[in-house]
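Peer 1: Have a look at this one before I ask anything.
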Ligand code: BG6
């Protein structure tokens, strides 16, 4: 037993576990991502009930046993290690406990304080709740004496950080009353995806790409995140957020920062984050005079099989929220002078695919003819892999060429799928090790909001209109003209290559 003094009270600390405390413990994220991630870490022996307890906070009337029954219903849909092993399932139960309280009630935190202190004095607080609750939770953690009682504490928060730059700054100020910057871990799960990390290896680990990563060799850059799904039951959140704030402000800008950054001095968080921040600072939206031809917003309408966006649950019937965007950006970095950077994302697209495509400039071959462009595609998901298009001689004829592709589907290989941590597994294990590399720094978040807001004001100034597009047709035709004007085109399904359908 250890004795701790909190605000004049003596509190006994019984054991010395690390406590991973999840607010929003009965929400989708916890069931689909967090609990499965802990299960996989448990199977890998990276977390053990003797050292760690995952404390699930919720208002519902569960006991440890009944809560376990609820997550066990769906656990194996979401875990990486799908072999049902009774010993693992049993052992894992010891890791998870359920604590009933209402996080809106400051008084309930006193009970939580005693509960936590009986178990340990290192806590990671994970807020899987709407951002407008961040302030009240962190404040109650402070006033109840929980944060002071913990000798070691961390705060993990989910995107979005605020609804705009101003509210993000307010949320940040509020949480910094209780947590230091070094204790705050801002999650963008894209940063922990296998192929996001691979961008760095592919770029900086190959002489060919490292040397050719500039305006002299690159003709255009494309970053796309296309989703087949609609907004499902998230209408409440999505209708006030929209695609720009949901995807561009976070995931797309994180991807762009990895594509455009200079080589960081090292993979230490301070070096990596600084390189990302610089890349984002140099990113420029279209000019007002070109805005309507270089920026497209869309909203899906029914194809006869699925709902139109405005008919989705909790979406306003006259909603003007965008479910698609496409744009042409540029960088003020000399290295990418005049290289168009095409970015798009949308719901109810024809295919599910997130990728980065680098198209290199064409060359005149030995036969005096202009050859097809080399294209490098990094497939981030759902299929992970790398594709490279090259020119070779056509067999037989001396001066004819053909284009062939080298296509490596990393996730098509069973061992690779088994050996690839899921994003949340990686994030949790990094947070437990206090490694902030894969978390967003505060300057990255503010810069991302600034860029998003610049685009939003340009939309207003240019009177840019939301264009309807039929579900499963890859966005409005204007998004195709946007790229065609420069003689380019979006990577098509065929080039996206092999698909692994998750079986
Ligand atoms: C989330 C967005 O952050 O990312 C969702 O809120 C989106 O709207 C999701 O569907 C995409 O993530 P992934 O990992 O499925 O590409």
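Peer 1: Normalised by the residues of the chain, what does the relative contact order come to in percent, with Cα pairs under 8 Å and at least six apart?
Peer 2: 16
Peer 1: With a ≥ b ≥ c taken as the square roots of the eigenvalues of the C-alpha gyration tensor of segment 80-208, please select rounded if a/c is under 1.5 and otherwise prolate if a/b is larger than b/c or oblate if it is not?
Peer 2: In terms of gyration-tensor shape, oblate.
Peer 1: State the antiparallel share, in %, of DSSP beta bridges confined to the chain, rounding to the nearest 5.
Peer 2: Beta bridges within the chain, antiparallel portion: roughly 55 percent.
Peer 1: For the ranges 39-48, 411-420, what's the packing order if you count other beta-carbon atoms within 10 Å of each residue, average per peptide, and put the highest first?
Peer 2: Packing order, densest peptide first, comes out as 39-48, 411-420.
Peer 1: Arrange the following residues from fewest to most other Cβ atoms within 10 Å of their Cβ: 408, 325.
Peer 2: 408, 325
Peer 1: I would also like to ask the following. Where the convex hull is taken over the Cα atoms of the chain, what is its projected area averaged over directions, in nm²?
Peer 2: 26.2
Peer 1: Measure nothing fancy, just the Cα-based angle from helix 194-204's long axis to the longest principal axis of the chain, in degrees from 0 to 90, nearest 10.
Peer 2: Once rounded, one gets 50 degrees.
Peer 1: Next up: Please give, to one decimal in nm, the separation of the simple spin-label points placed at residue 416 and residue 320, each 7 Å out from Cα toward the Cβ.
Peer 2: 4.5
Peer 1: Once you compute Rg and the Kirkwood Rh from C-alpha atoms, what is the Rg to Rh ratio for segment 142-204?
Peer 2: Radius of gyration over Kirkwood radius for segment 142-204 works out to 1.12.
Peer 1: Working from Cα positions, state the angle (0 to 90°, nearest 10) between the long axis of helix 269-281 and the longest principal axis of the chain.
Peer 2: Rounded to the nearest ten degrees, it is 50.
Peer 1: How far apart, in nm, are the 7 Å Cα→Cβ label points at residue 136 and residue 335?
Peer 2: 4.6
Peer 1: Between Rg and the Kirkwood Rh of segment 337-393, both from Cα atoms, what is the Rg to Rh ratio?
Peer 2: 1.08
Peer 1: For the chain, what is the mean residue ellipticity at 222 nm derived from helices alone (per DSSP H run of n ≥ 4: -39500 (n - 2.57); sum divided by total residues; nearest 500 deg cm²/dmol)?
Peer 2: Using -39500 (n - 2.57) per qualifying helix, the result is -9500 deg cm²/dmol.
Peer 1: Okay, next question. Which of the three applies to segment 357-475, rounded, prolate or oblate, going by the alpha-carbon gyration tensor with a ≥ b ≥ c and a/c under 1.5 meaning rounded?
Peer 2: In terms of gyration-tensor shape, oblate.
Peer 1: If you don't mind, there's one more thing I want to ask. Let me see the P(r) profile for segment 134-251: every Cα-Cα distance counted, bins of 10 Å, each bin given as a percent of all pairs.
Peer 2: The distribution over segment 134-251 is 10, 29, 27, 23, 10, 2, given as percents.
Peer 1: Take 401, 359 and order them by how many other Cβ atoms sit within 10 Å, fewest up front.
Peer 2: With the sparsest Cβ surroundings first, the list reads 401, 359.
Peer 1: Can you pull the percent of Cα pairs in segment 1-143 with separation above 24 Å?
Peer 2: 32
Any read-out appearing in this document is the output of simple, stated calculations on the displayed coordinates, not a laboratory observation. What you are looking at is a predicted structure, and each value in this text was computed from that prediction instead of being measured. Every residue, glycine as well, gets a Cβ built from its backbone with ideal geometry; the counts of neighbours run over all protein chains shown.
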